[in-house]
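Working notes for the structure below.
The values are calculated or read from the model by the stated rules, or taken from the named source; none is laboratory data. These numbers were taken from a predicted model, which means no experiment stands behind them. Backbone-built Cβ (ideal geometry, glycine too); neighbour counts: all protein chains shown. For the accessible areas, the whole protein counts, side chains as well, though only heavy atoms, and no ligand, DNA or RNA atoms are used. Shrake-Rupley method; radii C 1.70, N 1.55, O 1.52, S 1.80 Å.
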Amino acid sequence: MKNFFIPLLSVLLIVLAGCRSRPDGVDYDQWKEALETRRATAARHVTAPVGFEVELLRTATKEEGSWVSVEFDDKGRLLIGREGPGILRMTLPKSRLGRPAVEVVNTELNECRGLLWAYDSLYANANNSKGFYRLRDTTGDDQFDEVTLLKKTGGTVGHGRNSIALGPDGFIYLAHGNDVLLPKDFSPGPKSTYRNYAQDQLLPCDWNRVLFNKGVKAPAGHIVRTDRHGNRWEMIAGGFRNPYGLAFNPDGELFVFDADMEWDEGTPWYRPTRVNHVVSGGDYGWRQGTDKWPGYFPDSLPSNLDIGLGSPTAIAFGTNSHFPEAYRNALFILDWAYGKIFAVHLTPDGASYHGRFDEFVTGRPLNVTGADFGPDGALYFTTGGRRTQSGLYRVRFTGKPKEESGLPALGQTHLEAAKQSRELRRRLEVFHSEQSIEGLGLAWNNLSHDDFWIRHAARVALENQPIKRWTLPALTESDPKRALTALMALARVADAKVPPQVVARLNDLPWEGLALEWQLVALRTYQLAFIRMDAGTVYDRKSTINKIAKASGDFPETRMEVSRLMIFLNAKGMIPQLLNYVVDAKSQEERLSYLFHMRLIEDGWSPEHRRSYFAWLKKMTGEQSDRHFQGFMKHIIADALAKVPPGEREDFGKLFKAKPKPEAANLLAKRPEHRRWAMGDFTDLAKRLAKRDLENGRRVLKQAACTACHVFDGEGLAIGPDLTAIGARFDPRAILESILKPSKVIADKYRNVSLTTKQGELIEGRLVGERENSLLIAPNAYQPSQVWDVKLNAVATRKDSQFSPMPPGLVNSFTREEILDLLALLQAGPPK
């Protein structure tokens, strides 16, 4: 990056750059198939590896509700949390031919996503009851006569109060999503090791306020440690979205399965579902909207394994199973939406782990929610959630164990080195809550450690020591690596007078010749110093710009962070190089990162550079057709146009003028109703769709006003689901049913909510987000950025709309043959 101010490459390279094709995903909506059935999916339709047997033990009755969690008690009985009020207890039969006996043991606690049997008690994380409870039998009649609220937790319930686990230290650990607030009486003591957190984003994004989870700030999703009485309430890690399941491995290490925000896919702020190793003081980088931290930020802990799109629920280690060795060492993670259980194989890697995964159990529908290993060594799991049909399943190994696991063999030397690394990390973690000269020395000696996880533990330990003892050493340390980590710690915890000294020291250190990971520490420390210093603070801006420009240009990570800093510093002459980065970007996400941040640049544009920038924005709008990505692009374009002088703005704005919206009513009014079609009017669809007139199907698609709300082959508006590849996800009958009966199944992301205020006003629209005291409603699907903040104390009634935004009868003016042509087109998709 030593040539940061070189001239712009020819703008003609725009047309030569390759496009990214959005990968095809599996069917997220398969879970809805469990809404209409009265039986859980039969075991013969659930697949597992050779040698494993899957059994359906029980289908939930209507009275038993939908099930969200499962836990064994000390007598080998299953405790099952219902989505609604109550907890069930199920005694399994001794004979395989017998039936489980079910009883209700609690009718009050609502949606117990987390259940834990410990200390002769049942602990429950009751999401809709908004609290952590303990249930006990004090009379010896095998009934829970005592129900005690141990801790009330605020916030809402979407990404809520999730799983519970007993740690090897005897404490109870709870996973909370980003809708849960810390208790009102929370006072972080020395044992609350997650501290000094903030949004910590250098560049602003005003329209985060209209994105999902509006207003959520750090810590967001977090992990709590408490004692058996709920007296201690210690936050040990944060920066998650919705960590649903959590579990400890045989080494005593804690893991969670955190959720993604699928609407962000294709953007630089998308974070896949992931398995995270949770350590003391860890910040895992989730922030609301576009503020999510990249995985390479050195003050954030990385994913140990990315899974991709998904909907995480419970997790469990196979430690006490009767499975073959490879599976006894595996972490089993549940994906609710896609109906899968994955086996994650974790390999010790320094002070942490890396992993790989394979499918273990798959079904359709198989809305997996809870999992636990029973005293018989089998895996038990439940299905349910969102009012779907529930079932209890058992997975047993009945085959012959292989002598070899099929996994890479690890030498004893590797395993011993990893064990020693974990022990060093844990020694450092002691000083996350203790202060001593010994702790300061141990932390200081490990600030330059080659292992990232040890280096993280050392930095958090340093931040906990009295700052007067290490401020001067941090500003004068001669070892570049140790100095960089110490300066990052100082930028995070010192008062606002210190950051200018941190910047000055960074300008003097020879960090630009170090490896990528150390250059990223330097670039991030600059950012933290700028974020946390007082506005108007004086520092040597010119020297800072010149120093940052020396960072390596060989890596996307350094290019993206340098661009962020240069825009903040308003570096003269930066635009040509930033446009070169746009041209040379290796991925859609990298390219969008530059375009997103460049929208903030006001001065220094030449006419050619501005034309090139807006041409790239125009090109980017064609990369993905889904309405969320298009919404992001509209915001970026609006910000960028606001920086263009008024006399020139109109010309650039014309690039993004939307095509006239098809008028559904006018199109259909020209055609008389032919027949009110029903599903029974169409039989043998698969045979009837052969050799259809696809061009006529495209005509029907337009005349039926489908493109008023849907995109097909790049045409139309991205308000509803994209229809381009719908045939790869649904069979013709399902597609036809969604046309004839659009309100039968409505995806949550497209469902409206209906509110009635105490003044009698009716408000209906898309629920964008929920906060403690208000609901965020987008009343106009065509203008999703227009959001109303409706105060909860003004709402008289609230209910989900039972009617799809898509009207019925759209094809009643067409003949059977025309409808079949339309179905054939949707099934085949556009020509390749």
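Checking the condition in contact with a Gly (Cβ under 6 Å, 6 or more places away or on another chain) and farther than 30 Å from Ala457 by Cβ, which residue from Thr382, Thr362, Thr388, Thr398 passes?
Thr382
Could you pull out the residue among Gly697, Gly716, Gly727 that is over 25 Å from the mean Cα position of the chain (by Cα), modelled with pLDDT of 85 or more and open to solvent by less than 50 Å² (accessible area, probe 1.4 Å)?
Numbers: Gly716 fails: modelled with pLDDT of 85 or more; Gly727 fails: modelled with pLDDT of 85 or more.
The unique qualifying residue is Gly697.
Can you say whether Ser801 is at pLDDT below 80, over 16 Å from Val210 (Cα atoms) and open to solvent by less than 60 Å² (accessible area, probe 1.4 Å), as far as the supplied structure shows?
Values: at pLDDT below 80: yes; over 16 Å from Val210 (Cα atoms): yes; open to solvent by less than 60 Å² (accessible area, probe 1.4 Å): yes.
Yes; evaluated as a whole, the condition is true for this residue.
I'd like to check which strands (runs of 3 or more DSSP E) are fully inside region 44-84 and have at least 3 residues that are in contact with a Phe, Trp or Tyr (Cβ under 9 Å, 6 or more places away or on another chain) and either over 19 Å from Leu97 (Cα atoms) or among the aromatic types (Phe, Trp, Tyr) (or both).
67-72, 78-82
Inside region 90-112, can you point out the residues that are in a strand (DSSP E or B) and within 20 Å of Phe132 (Cβ to Cβ)?
Val105, Asn106, Thr107, Glu108, Leu109, Asn110, Cys112
Give me the pairs: first residue in region 140-156 and closer than 18 Å to Asn231 by Cα, second residue part of a loop (DSSP other than H, G, I, E, B) and among the hydrophobic types (A, V, I, L, M, F, W, C), beta-carbon distance under 9 Å, and six or more apart or on different chains, which are they?
What qualifies is Lys151/Trp233; Thr153/Leu182; Gly154/Leu182.
Go through region 484-531 residue by residue and tally those that are of a type in the set (D, E, K, R) and within 19 Å of Met560 (Cα to Cα).
3
Could you name every one of the strands (runs of 3 or more DSSP E) located completely within region 348-461 that has at least 1 residues being polar (S, T, N, Q) and either open to solvent by 30 Å² or more (accessible area, probe 1.4 Å) or modelled with pLDDT of 95 or more (or both)? Full working, then the answer.
On the way: elements: 352-362, 368-373, 379-383, 391-397.
Ranges flagged: 352-362, 368-373, 379-383.
Which fully enclosed helices (runs of 4 or more DSSP H) of region 512-589 have 1 or more residues being basic (Lys, Arg) and at pLDDT 95 or above?
516-532, 541-548, 556-569
Among the residues of region 274-310 satisfying the criterion of being among the small types (Gly, Ala, Ser) and modelled with pLDDT under 95, which is surrounded by the fewest Cβ atoms within 10 Å (Cβ to Cβ)? Steps first, answer last, please.
Taking region 274-310 as the starting set, the residues that turn out to be among the small types (Gly, Ala, Ser) are 280-282, 285, 289, 295, 300, 303, 308, 310.
Checking the rest, the ones that are also modelled with pLDDT under 95 come to 308, 310.
Working: Gly308: 15, Gly310: 24.
Looking at residues that are among the small types (Gly, Ala, Ser) and modelled with pLDDT under 95, I get Gly308.
Which of the residues spanning region 730-766 are open to solvent by 40 Å² or more (accessible area, probe 1.4 Å), polar (S, T, N, Q), over 18 Å from Phe712 (Cα atoms) and not in a loop (DSSP other than H, G, I, E, B)?
Scanning region 730-766 gives a single hit, Thr756.
State the number of residues belonging to region 602-642 that are farther than 23 Å from Thr724 by Cα and open to solvent by 10 Å² or more (accessible area, probe 1.4 Å).
Looking only at that region, the number is 17.
Which is in contact (Cβ under 8 Å) with a residue 12 or more places away in the chain, closer than 26 Å to Tyr244 by Cβ and within 23 Å of the chain's Cα centre (by Cα), of Gly391, Gly377, Gly385?
One residue alone meets the criteria, Gly385.
Working carefully through the options Arg39, Arg58, Arg44, find the one that is over 30 Å from the mean Cα position of the chain (by Cα), open to solvent by 30 Å² or more (accessible area, probe 1.4 Å) and at pLDDT below 95.
On inspection, the qualifying residue turns out to be Arg39.
Does region 532-550 contain any residue that is open to solvent by 20 Å² or more (accessible area, probe 1.4 Å) and β-branched (Val, Ile, Thr)? Outline the logic, then answer.
So the first thing to find is which residues in region 532-550 are open to solvent by 20 Å² or more (accessible area, probe 1.4 Å), and the list is 532-543, 546, 550.
Of the ones still in play, those that are also β-branched (Val, Ile, Thr) are 537-538.
Yes, there is a match, as at least one residue in region 532-550 is open to solvent by 20 Å² or more (accessible area, probe 1.4 Å) and β-branched (Val, Ile, Thr).
Which condition breaks for Arg271 when tested against (1) open to solvent by 10 Å² or more (accessible area, probe 1.4 Å); (2) not in a loop (DSSP other than H, G, I, E, B)?
Tallying (1) open to solvent by 10 Å² or more (accessible area, probe 1.4 Å); (2) not in a loop (DSSP other than H, G, I, E, B), Arg271 fails exactly one: (2).
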